[in-house]
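Engineer: Okay, handing you the structure first.
What follows is calculated from the coordinates using simple rules that are stated; it is not laboratory data. As the structure is a computational prediction, the values presented were derived from the model and not from experiment. A quick note on method: Cβ atoms are made from the backbone with ideal geometry, for glycine too, and the neighbour counts reach across all protein chains shown.
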Amino acid sequence: MKDTALSHIHKELGAKMVPFAGYNMPVSYEGVNIEHKTVRNAVGVFDVSHMGEFLITGPNALELIQKVTTNDASKLLDGQAQYSCLPNDSGGIIDDLIIYRFNDKKWLLVVNASNIEKDWNWISKNNTVKAEMRNISDDFSLLAIQGPKAVEALQSLTSADLNAIKFYTFIVADFADIEHVIISATGYTGSGGFEIYCKNSEVEQVWNKVMEAGKEYGIKPIGLAARNTLRLEMGYCLYGNDINETTSPIEAGLGWITKFTKDFINSENLKIEKEHGTERKLVGFELNERGIPRQGYDILNVHEKKIGEVTSGTMAPSLGIGIGMGYVPILYADVGSKILIQIRKNTVPATLIKLPFYKS
């Protein structure tokens, strides 16, 4: 198991540490509900330094990115970011990722920790245009500072105007007395905030100054358990749960990041799928009675016939009800449809709803 540069701090803070994607990671400090509500109402800090970063550079960088990703990166301007995914040859998803454009010859791809090696090998294999590639995952740390008070909590740490950084844009600026830090208005919580990229040797200083500056705004460290409940309330896909090598971006509701204004790997087949529709669809549901849906639980129709499985589920801290997602046949996928969730020996009624579950 690898440690992040901050693992010793998490242990000192009493975090419960768990193995995740090859790293020792803090799953919780005070408890998932407290940490979740801290991010929804104030501001919290996640150490997500296990994520992977690939630098793609040179005159052919964009050509490679366009080939291996579904979204249209040619639409990006300098300082803009984009959510996208890496399609495989058979209609599934190798990974979802964020693409950052510094300029036309310098791009950063941020990928999921569990897929770093797989993604690197896949992009390398498809790099027929000889773009320059560097895997800088082991050299950089990433903090996600999320919540409605993030701007106020962090503004004293930089000369940049944080209010001017719009959603899915980024700058390189001074931060916490360190030059050349990437400050990105991205995140996985639905409560606003920033993601801060810096070198491993700098992140402890950044963490300490962020915690000090945010003290009067109620800042707290947040673990992976609350990261999961926050993203699920927003209906955001988690790789390995809701999307994988066998789920297409179209059936996963990711048609909006699948652009047929360009050619990319398997684009012809995905275009046919988009035009003709899919046999199943990723849906969100709320339980109508008490219960907690979990990954792997059966989804039944009202006649108690199995029609799918829960891919993600939890008790939503912001809502006080059980919520989840899963794939069901198109016949059962309309918003408002009634289904049943098999929770141990009980079948609990649920209703399909339009995502997100949480609306601020």
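Engineer: Compute log10 of I(q)/I(0) for the chain with the Debye formula, placing one identical point scatterer on every Cα and leaving out solvent, at q = 0.09, 0.10 Å⁻¹, to two decimals.
Structural biologist: -0.51, -0.64
Engineer: Now, a different point. For the stretch 143-154, take each phi angle, set θ = phi - 60°, evaluate the Karplus expression 6.51 cos²θ - 1.76 cosθ + 1.60, and give the result in whole Hz per residue in order, putting x for glycine and proline.
Structural biologist: 10, 9, 10, 10, x, x, 9, 4, 4, 4, 5, 9
Engineer: How much length, in nm to one decimal, is gained on full extension between Leu319 and Tyr168, taken as 0.36 nm per residue of separation minus their Cα-Cα distance?
Structural biologist: 51.7 nm
Engineer: Tell me, rounded to the nearest percent, the portion of alpha carbon pairs in the stretch 297-359 spaced more than 17 Å apart.
Structural biologist: Value for the stretch 297-359 (Cα pairs over 17 Å): 34 percent.
Engineer: Arrange the peptides 206-218, 335-347 so that the one whose residues have, on average, the most other Cβ atoms within 10 Å appears first.
Structural biologist: Descending mean neighbour count gives 206-218, 335-347.
Engineer: If you don't mind, another one. Give me the aspartates and glutamates in straight-line cross-link reach of Lys220: C-alpha distance below 13 Å, same-chain residues under 8 apart excluded.
Structural biologist: Glu30, Glu35, Asp47, Glu212
Engineer: Between Lys271 and Val18, with labels modelled 7 Å along Cα→Cβ, what's the label distance in nm to one decimal, could you check?
Structural biologist: 4.3 nm
Engineer: Let me ask something else about it. If each of Thr351 and Lys75 carries a label point 7 Å out from its Cα toward its Cβ, how far apart are those two points in nm?
Structural biologist: Distance between the two pseudo-spin positions: 3.3 nm.
Engineer: Taking a point 7 angstrom from the Cα of Ile136 along the C-beta vector, which residues in the stretch 26-50 have backbone N less than 18 Å away?
Structural biologist: Once the point is set 7 Å along Cα→Cβ of Ile136, 48-50 turn out to lie under 18 Å by backbone N, inside the stretch 26-50.
Engineer: Tell me which lysines have Cα within less than 18 Å of Lys338's Cα, excluding those fewer than 8 residues away on the same chain?
Structural biologist: Within the straight-line limit of under 18 Å, Lys338 reaches these lysines: Lys281, Lys305, Lys306, Lys354.
Engineer: Per DSSP helix of 4 or more residues, -39500 (n - 2.57); summed, then divided by the residues of the chain. What does that give at 222 nm, rounded to the nearest 500?
Structural biologist: Values: 8 runs with 73 residues, N = 360.
Dividing the helical sum by the residues of the chain leaves -6000 deg cm²/dmol.
Engineer: Based on the Cβ-Cβ distance from Asn103 to His180, what FRET efficiency comes out when R0 is 22 Å, to the nearest 0.05? Provide the component values of the computation, followed by the final result.
Structural biologist: Numbers: r = 15 Å, r/R0 = 0.68.
Using R0 = 22 Å, I get an efficiency of 0.90.
Engineer: At what distance in nm do the modelled label points of Asn60 and Lys2 sit from each other, each positioned 7 Å from its Cα along Cα→Cβ?
Structural biologist: 2.8 nm
Engineer: Please report Thr311, Thr351, Thr246 as a ranked list, fewest other C-beta atoms within 10 angstrom at the top and most at the bottom. Write out the running numbers ahead of the final one.
Structural biologist: Values: Thr311 24, Thr351 14, Thr246 10.
The most exposed by this proxy come first: Thr246, Thr351, Thr311.
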